[in-house]
1. Taking interchain pairs and intrachain pairs at least six residues apart, which have beta carbon atoms under 6 angstrom, with the first residue in the range 232-249 and within 13 Å of I202 (Cα to Cα) and the second of a type in the set (K, R)?
2. If I ask for residues that are crowded, with 18+ Cβ neighbours inside 10 Å, within 12 Å of the chain's Cα centre (by Cα) and outside any loop (DSSP other than H, G, I, E, B), which ones from the range 132-144 would you list?
3. Taking the conditions exactly as written (crowded, with 16+ Cβ neighbours inside 10 Å, modelled with pLDDT of 85 or more and out of contact with any Ser or Thr (no Cβ under 9 Å at 6 or more places or on another chain)), does L325 satisfy them or not?
4. Consider K147 carefully, then state whether it is closer than 19 Å to L291 by Cβ, modelled with pLDDT of 85 or more and part of a helix (DSSP H, G or I).
5. Considering only the range 260-290, state which residues are in contact (Cβ under 8 Å) with a residue 24 or more places away in the chain, in a loop (DSSP other than H, G, I, E, B) and within 22 Å of the chain's Cα centre (by Cα).
6. Test F353 against the criterion of being over 38 Å from the mean Cα position of the chain (by Cα), of a type outside the set (V, I, T) and surrounded by 14 or more Cβ atoms within 10 Å (Cβ to Cβ), and give yes or no.
7. How many residues does the range 191-217 hold that are closer than 20 Å to C289 by Cβ and in contact with a strand residue (DSSP E or B) (Cβ under 6 Å, 6 or more places away or on another chain)?
8. For I123, all conditions in the list (1) touching a helix residue (DSSP H, G or I) at 6+ places or on another chain (Cβ under 9 Å); (2) at pLDDT 90 or above; (3) in the same structural domain as N12 (by TED's automatic domain parsing); (4) among the aliphatic types (A, V, I, L, M) hold save one; what is the number of the exception?
Amino acid sequence: MKFHIWEFPDVNKILVDLSPKFRNKLSRKALVKLTNYSNISNFYKETSAILGLKFKNCGSFYRFVKGGEGYVRLSILLKLLEILKISKIELERNIRSYKIENGGLKIHHVKLPIKIDTIAAMITSHLMFDGWVESSGRSSYFQKEYKALKTFIQKIEYMVGKVEVKNSRKVFYPPTFLVKLLRKFYEIDSFSSDKVKIPGKIKNGTWKDKLAVVVAAIIDEGHIDSYGITVELKNENLLNDLRSILVSLGYHCSNVTPHKGRKTKIITIYGLSKFHEDIKRLNSFYPLCNLAHKQPLFINHLRRIKRNWWRRERGVTKINIIKLLSKSPMKTLDLSFKLNIDRKRTLRHLNWFKKMGIVSKVNKYWLLSNNFTSKQAIEIVKKKIQN
């Protein structure tokens, strides 16, 4: 499915910048047809009235007709094309950039017409899981992990072209027209966190669209561990929709259950190996459909599952933890990577050390206590093992 620029929502608010060659062509023909400033002004005034636009002055349009550079209102141009008998397709091919009036994002190196495909389904899913969308179409996507935010912006650029991004490492405001377009195409009544549901066009769509929704859910609300992937949400209906998609893709997953001690629901997805193969297959079509910042964690757990396990000598893991912490403070996840063991298992060891007073935790970082040197801590571990 493709949408031309004249099919966008709020087409009256779109301003376009044309290539010099096509702009000069329009200028020459418009001057022949409209002949003078008075006719140009009357055309602009009458067209504005038909389109329901407030008429102020036609200075910018007059400069455009005279061959001047700058942005011009698309809806006015479309009426001009009808008079000059020039194809709208030709206009679309010669748009260098466009924007929405009153401070909208500028789109450069444009991709027109806009194609609705699997990336569009994934962008919509991100907005459902970790976005905020007003009824007016104004929206934002919040993601504290910069790599995930950057990947989201790349998905937007895949659809529309290069966007001007404001300096923000945690939030991005997608183009309003694109959000409205996706909302209309997927027939979404509300993006409200407690009401939103996965659209029928995605639930009944291709395997690529379905898997893209699952990947978006894991990036925004998922937790990866060796036993599986859990997704946690307050919206039970949204989780049930996600579960039905997973079942249709052939995954074994748990029922939607309450999360202990929280006002949320969770599901667990089993079968990391199958998920890995499916993502690789999806990546061959759409490289942007990946787990972003969670990809290394996923690969680490997958490698751990596939390798041959053996029983380590008692105390080896604890001693390795002390050696690592003696070099520098570390987070639990970083330690689990270095040790190549499960995060929960790493945490059990650290809590054991904490009870012994050997380590302490400051702002998510674990560090050795000042009361012990690394050698003294290792000796304590060895004595405990012998006992």
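1. So the pair list comes out as D241/K197; I245/K210; L249/K210.
2. Y141
3. Here the answer is no, as L325 does not meet what is asked.
4. Yes; evaluated as a whole, the condition is true for this residue.
5. Y286, L288, C289, N290 - these are the residues of the range 260-290 that are in contact (Cβ under 8 Å) with a residue 24 or more places away in the chain, in a loop (DSSP other than H, G, I, E, B) and within 22 Å of the chain's Cα centre (by Cα).
6. When the stated conditions are applied, F353 passes them.
7. 1
8. Tallying (1) touching a helix residue (DSSP H, G or I) at 6+ places or on another chain (Cβ under 9 Å); (2) at pLDDT 90 or above; (3) in the same structural domain as N12 (by TED's automatic domain parsing); (4) among the aliphatic types (A, V, I, L, M), I123 fails exactly one: (3).
The values are calculated or read from the model by the stated rules, or taken from the named source; none is laboratory data. Note that the structure is predicted; figures quoted are calculated from it, not measured. Please note: Cβ atoms are built from the backbone with ideal geometry, for glycine as well, and neighbour counts cover all protein chains shown.
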